[in-house]
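Worksheet for the structure shown next.
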Amino acid sequence: MYYRLTYISTANRERVGDSILNGRRPLSIGQGAACHVLLPESERYEPQTYASILAKGDGGNWYIVSRTDCYQILVNGSEVHIAQALDNGDILTFRDGTNTTEMKFEIFNDGDYDARSGLVYRKHEASSRRPWIVTILVALLA
């Protein structure tokens, strides 16, 4: 299981549509060098981490934790004061008064994300085609 963040709008136009994948490891969002998701630099504040996306202990969900008081963090239009659970399709918005960045949060259960290689390894599931093939053959022979 992993998630994808896709830029919907940002002050850096070349980034719209870009995606970031992540699995079980924390993902930091902000302007500092330690951030994996970089937001546009603000003239009002020093570069810093604004939020982190962390995996819940149950192994299947994520939540966002606010790590700043100077940047407004919204999930589907509601402000995140400390932490909030994330659901598939949520829109994350980061505002500093002049810059706004929006990202779509999507959850995928079709494989596991390996951060070292940057690849998603697909799960191999038993094929469900066999019953359909038998049904078609029986129908053709009858």
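Label points 7 Å out from Cα along the Cβ direction at Arg25 and Ile82: separation in nm?
A separation of 2.9 nm, rounded to one decimal place.
Given Cα pairs under 8 Å that are at least 6 residues apart, what percent is the relative contact order of the chain?
So the answer I get is 23 percent.
With a bin width of 5 angstrom, please list the P(r) values of segment 42-102 as percents of all Cα-Cα pairs, from the 0 bin to the one holding the largest distance.
In order of increasing distance, the bins hold 4, 18, 28, 24, 15, 7, 3, 1 percent.
Where does each of 32-43, 14-25 land if you order them by average Cβ count within 10 Å, highest first?
Sorting 32-43, 14-25 by mean packing, highest first, produces 32-43, 14-25.
Taking a virtual spin label 7 Å from the Cα of Cys70 along the C-beta vector, which residues in segment 1-33 bring their backbone nitrogen under 17 Å of it?
Within reach of a label on Cys70, which here means backbone N under 17 Å from a point 7 Å along Cα→Cβ, segment 1-33 contributes 29-33.
By how many degrees, 0 to 90 and rounded to 10, does the Cα axis of helix 129-141 deviate from the longest principal axis of the chain?
The answer is roughly 30 degrees.
Report the trypsin sites (Lys or Arg not before Pro) located in segment 53-97 that are in a DSSP loop and have at most 12 other Cβ atoms inside 10 Å of their Cβ, or state none.
Those satisfying the criteria are Lys56.
Please list, short to long, the whole-number percent of alpha-carbon pairs of the chain in consecutive 10 angstrom bins beginning at zero.
Going from the shortest bin to the longest, the percentages are 11, 37, 27, 10, 7, 5, 2, 0.
Kindly provide the helix-only [θ] at 222 nm of the chain, computed as the sum of -39,500 (n - 2.57) over DSSP H runs of four or more divided by all residues, to the nearest 500 deg cm²/dmol?
-3000 deg cm²/dmol
Over segment 1-106, average the accessible area per residue using a 1.4 Å probe and give it in Å², no decimals.
I get 51 Å² per residue for this part.
For Cys70, what is the net charge nearby, where nearby means another residue's Cβ is under 13 Å from its Cβ and Lys, Arg count +1, Asp, Glu -1?
-1
The values are calculated or read from the model by the stated rules, or taken from the named source; none is laboratory data. Just so you know, these numbers come straight off a predicted model, no measurement behind them. Cβ coordinates were reconstructed from backbone atoms using ideal geometry, including for glycine residues, and neighbour counts include every protein chain displayed. The area values use the complete protein model at the heavy-atom level, side chains included, leaving out ligands, DNA and RNA. Shrake-Rupley method; radii C 1.70, N 1.55, O 1.52, S 1.80 Å.
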